[in-house]
Amino acid sequence: AKEPMRVLVTGAAGQIGYALVPMIARGIMLGADQPVILHMLDIPPAAEALNGVKMELVDAAFPLLKGVVATTDVVEACTGVNVAVMVGGFPRKEGMERKDVMSKNVSIYKSQASALEAHAAPNCKVLVVANPANTNALILKEFAPSIPEKNISCLTRLDHNRALGQISERLDVQVSDVKNVIIWGNHSSSQYPDVNHATVKTSSGEKPVRELVKDDEWLNAGFIATVQQRGAAIIKARKLSSALSAASSACDHIRDWVLGTPEGTFVSMGVYSDGSYGVPAGLIYSFPVTCCGGEWTIVQGLPIDEFSRKKMDATAQELSEEKALAYSCLE
Ligand code: NAI
């Protein structure tokens, strides 16, 4: 039998946490043959609710779940973890300035970076979900210098999956037959959902999405706006943020990272830019990646047209500004 893997979920008493921990305990994130020990962290005001989640995990009698640590102590939470899913953060409240929200999150991610660096298992993989996700991940990277940058990522898989979903609805095809959409850049409304390399499996072979949709106006405007604004649309409908789909996408992100992407398929991950595609090095930017042997690689050599170039640069510009704002909070 496999040794259990320890999975940290911060902000585990929150909405995404509540959807995510049962998925992890059922083997959706790491595989149906991989036992897990869940580490759940939240802050003292949420300690009682966190304990309630722990009670439910016991009650659900998940066969793969070999233990639960529920704590408000960041060191205890980080100790020995193999995977860290960072969902905890400070939400923007009415009347708050962008800088105030950034400042709160910078201080959270700075201290959690130190705890992970000192106490996580060697080669721990980190996924930041909490917003501003790319910049929180960048702060985590900067303040955990001994964690290799290839082990730190942020979630744009939800946006990627939303793009797959929109194409499948539009063409009335199975979502599993659509692949290779790309989310470039920031997990924010400046992201660029790109279908130029996406294909659909049909009875007469793989066809480009552009050839099948035949509506460039929709692909270049409506589709992009729908994916960019989907989070807001869910909040409007549910009066709560998109927790189910965020949790499911976080599982997809880690599963593909650890177990690999299928041959010929790429997915979107926010990773540390090495300058590929002219994206400034030193930003956490969402790229198309393939994963093999527990490591991601940016897909190289995709042709980029002028329309895409502008959108990729605009979202990079926003990330550079976020980075500057984050650094100004450290002074
Ligand atoms: P929530 O407010 O329900 O839960 C957040 C939890 O984090 C709360 O339980 C809170 O007590 C906890 N928390 C706050 N500070 C903490 C700290 N220092 N350490 C540990 N826990 C802490 O929010 P929800 O809906 O679960 O969303 C969580 C985050 O994920 C938000 O920042 C949201 O914007 C983001 N998000 C990101 C998505 C993505 O695709 N990257 C998609 C959807 C949401």
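The values are calculated or read from the model by the stated rules, or taken from the named source; none is laboratory data. These figures come from a predicted structure and were not determined experimentally. Reconstructed Cβ throughout: ideal geometry from the backbone, glycine too, with neighbour counts over all protein chains shown. Ligands, DNA and RNA are stripped out before the accessible areas are found, and what is left, the full protein with its side chains, is counted by its heavy atoms. Shrake-Rupley method; radii C 1.70, N 1.55, O 1.52, S 1.80 Å.
Within segment 278-330, the only residue that satisfies the criterion of being under 15 Å from VAL267 (Cα atoms), open to solvent by 60 Å² or more (accessible area, probe 1.4 Å) and assigned to a loop (DSSP other than H, G, I, E, B) is GLN300. When each of TYR192, TYR272 is tested for being of a type in the set (Phe, Trp, Tyr) and in contact with a Ser or Thr (Cβ under 6 Å, 6 or more places away or on another chain), the lone residue that passes is TYR192. Would you mind finding the one in LEU65, LEU116, LEU138 that is over 17 Å from VAL9 (Cα atoms) and more than 9 Å from the ligand (Cβ to nearest atom)? Going through LEU65, LEU116, LEU138 in turn, the sole match is LEU138. The condition (being in contact (Cβ under 8 Å) with a residue 24 or more places away in the chain, of a type in the set (Ser, Thr, Tyr) and in a loop (DSSP other than H, G, I, E, B)) is satisfied by just one residue among THR261, THR226: THR261. Does GLY80 fit the bill of being on the phi > 0 side of the Ramachandran plot and either among the polar types (S, T, N, Q) or in a loop (DSSP other than H, G, I, E, B) (or both)? For GLY80, the condition - on the phi > 0 side of the Ramachandran plot and either among the polar types (S, T, N, Q) or in a loop (DSSP other than H, G, I, E, B) (or both) - is met. Of the residues making up segment 8-45, those that are open to solvent by less than 30 Å² (accessible area, probe 1.4 Å), farther than 22 Å from ASN105 by Cβ, in contact (Cβ under 8 Å) with a residue 60 or more places away in the chain and within 16 Å of the ligand (Cβ to nearest atom) are ILE24, MET29.
Scanning segment 153-209 for residues that are within 15 Å of the chain's Cα centre (by Cα) and among the basic types (Lys, Arg) yields a total of 2. Scanning segment 127-134 for residues that are open to solvent by less than 20 Å² (accessible area, probe 1.4 Å), more than 13 Å from the chain's Cα centre (by Cα) and within 9 Å of the ligand (Cβ to nearest atom) turns up nothing.
Residue under question is SER146, and the condition is that it be within 16 Å of the ligand (Cβ to nearest atom), of a type in the set (Gly, Ala, Ser) and open to solvent by 10 Å² or more (accessible area, probe 1.4 Å); does it hold? For SER146, the condition - within 16 Å of the ligand (Cβ to nearest atom), of a type in the set (Gly, Ala, Ser) and open to solvent by 10 Å² or more (accessible area, probe 1.4 Å) - is not met.
When TRP218 is tested against the conditions (1) touching a Lys or Arg at 6+ places or on another chain (Cβ under 9 Å); (2) closer than 27 Å to LYS141 by Cα; (3) surrounded by fewer than 16 Cβ atoms within 10 Å (Cβ to Cβ), the lone failure is (2). Screening the candidates GLU3, GLU48 for the property of being within 15 Å of the ligand (Cβ to nearest atom), not in a strand (DSSP E or B) and not β-branched (Val, Ile, Thr) yields one hit, GLU48.
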